[in-house]
Amino acid sequence: MDRIRSQRRVQIEEAQSQPPKYDAADADDVDEEENSGRGSRSLDSNVTEDQEPFMGVKVRRKASLHRDRKGDYIDIASHPYLIKLLQKQGDKQVLFADKVLKFTGSGKMKRRILLITDFAIYILDPETDALKRRIALAAVEKMCLSELSDNFFAIIIPTEYDLLMASTRKTEIVTVLVEATKSASDYELEVAFSNSFEYHAAAELIKEVVFEEVEGDKQVLFADKVLKFTGSGKMKRRILLITDFAIYILDPEN
C-alpha cells in the first residue's frame, strides 16, 4: 500500500450537539443508496509495470500512484452551512471532503458531497445543501472493492442499507476510513476485494455488482444488472457495463 502524505484536515469549533435535521427527500434516498456486501477477500491480481496493487490486491491506475492527498477538496471553510452542521453534531475534525457519485437502487447516479469526520460519514446534496444521511463510523462493517482498475467502492452498514459510490479518489477514501474507524472504535475496518459482491440497495432490496474486464478497454467505470425495455414494452434482464471507451449491454444468461 502506498504511503499517504499528510492530509490537510479541517478543525471544527465546538458547539452544543443537536440531532441532525434530514431533508424530506431522504425517503427516496432509501431506494437509492446502494451496496451491501458480503464480498470475499481477494486473490492476487496481475499488475503491469505502470500499475501497483492497493492493499496488495486491487490494480491501481498509473495516474493515482503519484497523486497528492489533501483531504479537503471542496474548501469546507467556504461553506458555512457545513461548518454549522458539523458544529451541531459535535464533530471535531473533517478528514475528507469531496464530491462523489452515489448510485441508487434503480441504477441512477446522484451527485453528492461525501464528508468523513472523526466520528461519522455524511452524505449531502450539493444542490440543496440538504443532509441526506449521517452514518456513525462505528456502524460501518467493511468496504467492498473490485480487483480491477475502477472508481467504485461500497460501504457496508449492517444495521442500515449500504452505500455504493464512485470517486477518482477512492484510494484516499478507503485509507481515511480505515484509519478513522480504528481511531474512533479501536477496530480495523475490513476491506474486501472481489469482482462480484452483493449489497443492500435498500432495506429489503439486495443487488449484485459484477465487474468484468473487457478486451481493449482499460477501465470499468460501472457494472450492474439492469432492466431493459424492448420496443414491445417487455422487460429483459441485462448487464450494463460502462468503460472508458464504450457502453456494453450483455445477456446475463449467455
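Taking residues in the stretch 147-170 that are farther than 20 Å from Asp98 by Cβ and free of Cβ contacts under 8 Å to residues at least 12 places away in the same chain, and partners anywhere that are open to solvent by less than 10 Å² (accessible area, probe 1.4 Å) and of a type in the set (Phe, Trp, Tyr), not one pair has Cβ atoms closer than 8 Å while being at least 6 places apart or on different chains.
Asp186: acidic (Asp, Glu), modelled with pLDDT under 80 and surrounded by fewer than 16 Cβ atoms within 10 Å (Cβ to Cβ), yes or no? Yes; evaluated as a whole, the condition is true for this residue. When the stretch 207-217 is filtered for residues that are assigned to a loop (DSSP other than H, G, I, E, B), open to solvent by less than 30 Å² (accessible area, probe 1.4 Å) and at pLDDT 75 or above, only Phe211 remains.
Under the condition of being of a type in the set (Lys, Arg) and within 23 Å of Asp150 (Cα to Cα), which residue from the stretch 218-240 is modelled with the highest pLDDT? Here the answer is Arg238. For the stretch 110-130, filtering for residues that are in a strand (DSSP E or B), open to solvent by 50 Å² or more (accessible area, probe 1.4 Å) and either β-branched (Val, Ile, Thr) or farther than 21 Å from Ala203 by Cβ (or both) leaves 1.
Listed by first and then second residue, the pairs linking a residue in the stretch 101-123 that is acidic (Asp, Glu) to a residue that is open to solvent by 10 Å² or more (accessible area, probe 1.4 Å), with Cβ atoms under 6 Å apart and 6 or more places separating them unless they lie on different chains, are Asp118/Lys92; Asp118/Gln93. Looking only at residues in the stretch 228-254 that are of a type in the set (A, V, I, L, M) and surrounded by 12 or more Cβ atoms within 10 Å (Cβ to Cβ), the one that is farthest from the chain's Cα centre (by Cα) is Leu250.
The combined condition, being open to solvent by 60 Å² or more (accessible area, probe 1.4 Å) and among the aromatic types (Phe, Trp, Tyr), is not fulfilled by Tyr199.
Whenever a residue of the stretch 75-88 is touching a residue at least 40 places away in the same chain (Cβ under 8 Å), its partners that are open to solvent by 60 Å² or more (accessible area, probe 1.4 Å), lying with C-beta atoms within less than 6 angstrom and at least six residues away or across chains, give the pairs Tyr81/Asp129; Lys88/Gln18.
The values are calculated or read from the model by the stated rules, or taken from the named source; none is laboratory data. Only a predicted model underlies this, so the values are computations on that prediction, with no experimental measurement involved. Reconstructed Cβ throughout: ideal geometry from the backbone, glycine too, with neighbour counts over all protein chains shown. Areas reflect the complete protein model, heavy atoms only, side chains present, ligands, DNA and RNA absent. Shrake-Rupley method; radii C 1.70, N 1.55, O 1.52, S 1.80 Å.
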